[in-house]
Every structure is written in C-alpha cells, then in structure tokens.
Amino acid sequence: MRNKTLLLFTDSYPYGKGEQYLDNEISYYCKSFNKIFFIPINRKGKIRDIPNNAKILDIHKLTSFSKINKITILPLFIINFINEVLFTRNILIFSKLFQYYTSYYNEFAYKKSIIKWIKNGKIDPSNIVFYSYWMYHWAFVISQLKNYFKTPLTISRAHLYDTYHYLNFLPWAAYKLKKIDKIICISNHANKYLSKNHTKASDKIITSYLGVKHIGINPMNKLKKKIFVSCSSIREDKRLDYIIDVLSNLKQDIKWIHFGDGNDSNKIMKYAKKLPNNIEVCFMGHTANNKVLEYYKNEHIDLFINLSLREGIPVSIMEAISFGIPVMGTNVFGTPEIVNNKTGILININNTSKEVAIQIDRFLKSDDIEAIPNTIALSEYCQNSHFSCLIGFLTIL
C-alpha cells in the first residue's frame, strides 16, 4: 500500500478550522500511502500543518467551465438522469431537473481536470485511492472517475447532511452508490438508512465510527460548583438556547463552559443573560481541538452536554467519554450508539427543558454507582469499545 497515492477530497481541510476529525486520521494515512493530495472545495482560512508526504492540489485553477461542455454533456446527462429515476423509482426528482443538470455539469468539469492532472503526472490509476470525506459533490466526481478509469479504489464516508435525503438535497445518490466501491457510514443508523433505501448497493455499505484517541482521564477532584461543558458550533440545530433553558431550571451552583463559535454566537450569548445567578457562563469561542482535550485532561468536569436536534454521531461526545466524563445526549440518529446507561444520560428529543433539568438533578444527587458512571470505568469502556480510534477504510485496502 505504500506505493499508492491517496487523493483525499474534502470540504475545506487543511484550510480553516473545520473537519477536525481528519486530524485523527491523517497520521494513519501518511504511514499507509506514499503520497497524499488534499483536494478541498473551499480554500478559505489559514492552512493547517500537513505531513511531509502530503500536498494540496488546487484543482480549481486547472478546471475549465466551458460553455461547449454544457451542450456536449447533454446526451450523457439525459442517460444518467433517466437511470437515476429508474434506480431510485422516484419521478419527483424531475422537479429538480435543473439542479441535477447544474451538478452534473460542475462535477463533469472537475472530473475532466483531474483526469488530465493524473495523465500529465503519469500516475498509474491502479495505484490511486480516491477518498471523498463527504458524500456530496466530490463523491459524485470520484464515482465518475471510477467509471472512467475502472481500476482505482473509490471510497466515500457518509455522515449526516450528506446521507439523509429528507435533511438535504442530495443529487445523484444512485449513481454514487452504484459506482463507488465502499460507502463508510459513521453510524449504524446511517448504514441502515442507506441500505434500506438503496438495497442493490447494501453489500458495499459498512459502518466505521470516526473514533478518538485515548489520551487521559478526567481528574476526580470534584468542586462544590458543578462544572458542565459543551462543545459544538453555535447554530440553530445545536440548540444552545435549549441548554440555557435547561440550566435555568437548576438550583445548584453550576459553571457552564462552551467551546465553539458560529453564526448564532451573539444571539446565544445575549440569550444566556437570562440565566439566574447560580449559573456561571463562560463562552470560550473557537478553541483548537488539542486545547479542548488538554482541558478535559486537567480540569474536573461533572457533565458533558449535547442536546442537538440532529447529529450523525458526535465526536465531541466520544472525546468526553474517552476521558471518563459522563455525557448527556439526545436520542437522535447515531447518538444512542454511544450514549447509554454506561456512559451517561440519553434524553428524548421532545423532552421539555424542565424534564431534562429533573434528570440532571437526579443524576447529580444520585449515590447509585451505576447512575453516575465512574471516570475510570468510562475511560476503559471507551478504550474497549468499537469506536476507539478505528480508521475504517484502511481495513478494506
């Protein structure tokens, strides 16, 4: 495998601050591939450090969106669109015909430029692995590359908004699942959804959790004031306003620390001013992942809270569990696969803030050893579980 080249298609990585999960995976890829090329769709923000055998391929500079192609691709588009309708058995996608065509035209242009780059570089296609980190546009590009070259291995991860069609517009799902060799879901929930809706491709759909490294145990020196932590972007579906409503119903002295920022930061910080005097709030803003993990290692935390409306399977919760921190999560999508009576509290998505506060109060007051997971036991559970730092697609090469 060391003589192989990995083309890793991302949203923005290594630019900016997103896709932090890849930080855990890169070192494994560097040991397994001779060369790695990052191909991000977005190039905003500071470039993070990348390994010596990795480079960034700015495919945008090589891609031409020619008007001639808009006409020449029509026969291929029509054939593939009809196949998509037949495969999905969904005539409603005719209402999205223009969006399908726009997607096909854009991805066709990227496919052509990548083919040209491979040929000019005299790279043997059979030694290439195409890996799309999301099952969006890049997954459609690599499925077309597979159709052209035949020999390369093609892999795509499937998370949340790139997987569930009722959450997002996802064109060419059937084409992707037909051409790509392996679809690696980050949760069993996503696996079941795709397998049920694309039965002909079910044999190529597998589950491999993103995983976290075990680097320490949260200290036991409990304080009088309870310490709650959350870590996420600040946007509507993360429901930080709901966390504030929950905290408003608690009588204990609590310090709530939130790591992360987002478009709704100002609104949430303003809303947090309604909290009573027994609740101290600390918004940390965007914090590098290694700094967050250092905090978990050095500062006692009583409860990690994630009350999101939608989650694929939260790495933030995995990280907390790996330190032995009890967690609270919502019973949505893949979250129940890691939040259970061994790791913390699973709440119903429709619970009122008062009902959730009652569960937290009971949790904090309980002397039952099974009701409050022991730090060391939690940490060992994480290490022994199947979500402890698995790098899924390497197992199929």
Requested in this report: Assess whether residue 319 counts as being in a helix (DSSP H, G or I), buried (at least 18 other Cβ atoms within 10 Å of the Cβ) and in contact (Cβ under 8 Å) with a residue 12 or more places away in the chain.
Outcome: yes
Report summary line: Scanning the stretch 242-263 for residues that are under 24 Å from residue 295 (Cα atoms) and among the charged types (D, E, K, R), the one surrounded by the most Cβ atoms within 10 Å (Cβ to Cβ) turns out to be 261
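I need the full set of residues from the stretch 134-170 which are in contact with a His (Cβ under 8 Å, 6 or more places away or on another chain) and surrounded by fewer than 23 Cβ atoms within 10 Å (Cβ to Cβ), in order please.
As a first pass, look at the stretch 134-170 and keep what is in contact with a His (Cβ under 8 Å, 6 or more places away or on another chain): 134-135.
Within the stretch 134-170, 134 is the sole residue that qualifies.
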**Report entry** The listed residue being touching a His at 6+ places or on another chain (Cβ under 8 Å), under 20 Å from residue 157 (Cβ atoms) and in contact (Cβ under 8 Å) with a residue 12 or more places away in the chain, out of 107, 25, 19
**Finding:** 107
Report task. Filter the stretch 125-166 down to residues that are out of contact with any helix residue (DSSP H, G or I) (no Cβ under 6 Å at 6 or more places or on another chain), of a type in the set (Val, Ile, Thr) and closer than 19 Å to residue 198 by Cβ, then give me how many there are. Result -> 1
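In the stretch 273-290, is there at least one residue being among the charged types (D, E, K, R) and in a loop (DSSP other than H, G, I, E, B)?
Here is the first cut: in the stretch 273-290, the residues among the charged types (D, E, K, R) are 273-274, 280.
Filter once more, keeping what is in a loop (DSSP other than H, G, I, E, B): none.
No, there is no match, as no residue in the stretch 273-290 is among the charged types (D, E, K, R) and in a loop (DSSP other than H, G, I, E, B).
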Query - Complete set of residues in the stretch 171-185 that are in contact with a Phe, Trp or Tyr (Cβ under 8 Å, 6 or more places away or on another chain) and either under 16 Å from residue 144 (Cβ atoms) or surrounded by 22 or more Cβ atoms within 10 Å (Cβ to Cβ) (or both) - result: 171, 172, 174, 175, 176, 178, 184
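What do you reckon, is residue 304 modelled with pLDDT under 95 and surrounded by 15 or more Cβ atoms within 10 Å (Cβ to Cβ)? Explain how you work it out, then say what you get.
Numbers: modelled with pLDDT under 95: no; surrounded by 15 or more Cβ atoms within 10 Å (Cβ to Cβ): yes.
Taking the combined requirement at face value, the residue does not satisfy it.
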Query raised in the report: So which pairs qualify, if the first residue must be in the stretch 325-346 and touching a residue at least 40 places away in the same chain (Cβ under 8 Å), the second must be among the charged types (D, E, K, R), the Cβ gap must be under 6 Å, and the two must be at least 6 apart or on different chains?
Result: 333/311
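Restricted to the stretch 125-148, and to residues that are of a type in the set (A, V, I, L, M) and not in a helix (DSSP H, G or I), which residue is farthest from residue 84 (Cα to Cα)? Walk me through how you get there before you give the answer.
Step one: filter the stretch 125-148 for residues of a type in the set (A, V, I, L, M), giving 128-129, 135, 139, 141-142, 145.
After this cut, where a residue has to be not in a helix (DSSP H, G or I) as well, the list is 128-129, 135.
On the way: 128: 27, 129: 25, 135: 16 Å.
Filtering first and then ranking leaves 128.
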**Report entry** Test: residue in the stretch 351-367 that is modelled with pLDDT under 90 and either crowded, with 19+ Cβ neighbours inside 10 Å or not in a helix (DSSP H, G or I) (or both)
**Finding:** yes
Query raised in the report: Can you tell me which residues in the stretch 52-65 are at pLDDT below 90 and in contact with a Ser or Thr (Cβ under 9 Å, 6 or more places away or on another chain)?
Result: 64
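Which count do you get for residues in the stretch 241-272 that are in a helix (DSSP H, G or I) and free of Cβ contacts under 8 Å to residues at least 60 places away in the same chain? Lay out the reasoning, then the answer.
As a first pass, look at the stretch 241-272 and keep what is in a helix (DSSP H, G or I): 241-248, 265-272.
Narrowing further to those that are free of Cβ contacts under 8 Å to residues at least 60 places away in the same chain: 241, 244, 265-272.
Number satisfying all stated conditions: 10.
Just the residues that are in a helix (DSSP H, G or I), surrounded by fewer than 17 Cβ atoms within 10 Å (Cβ to Cβ) and in contact (Cβ under 8 Å) with a residue 12 or more places away in the chain, please, taken from the stretch 114-124. Before you say what the answer is, go through the steps one by one.
The first filter runs over the stretch 114-124 and keeps only residues in a helix (DSSP H, G or I), leaving 114-120.
Next, from what is left, pick out any that are surrounded by fewer than 17 Cβ atoms within 10 Å (Cβ to Cβ): 115-116, 119-120.
Once the filter is applied, which keeps residues that are in a helix (DSSP H, G or I), surrounded by fewer than 17 Cβ atoms within 10 Å (Cβ to Cβ) and in contact (Cβ under 8 Å) with a residue 12 or more places away in the chain, the stretch 114-124 yields 115, 116.
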Query raised in the report: Does residue 169 count as modelled with pLDDT under 95 and touching a helix residue (DSSP H, G or I) at 6+ places or on another chain (Cβ under 8 Å)?
Result: yes
Query - Among residues of the stretch 255-297, those that are among the β-branched types (Val, Ile, Thr), over 20 Å from the mean Cα position of the chain (by Cα) and at pLDDT below 95, counted - result: 0
Requested in this report: With respect to residue 151, determine if the residue is closer than 30 Å to residue 115 by Cβ, in contact (Cβ under 8 Å) with a residue 12 or more places away in the chain, in contact with a Pro (Cβ under 7 Å, 6 or more places away or on another chain) and assigned to a loop (DSSP other than H, G, I, E, B).
Outcome: yes
Requested in this report: Could you please find all residues in the stretch 121-142 being more than 27 Å from the chain's Cα centre (by Cα) and either modelled with pLDDT of 95 or more or closer than 25 Å to residue 174 by Cβ (or both)?
Outcome: 125
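The values are calculated or read from the model by the stated rules, or taken from the named source; none is laboratory data. A quick note: this is a predicted structure, and the numbers were derived from the prediction, not measured. Cβ: placed from backbone, ideal geometry, glycine included. Neighbour counts: every protein chain shown.
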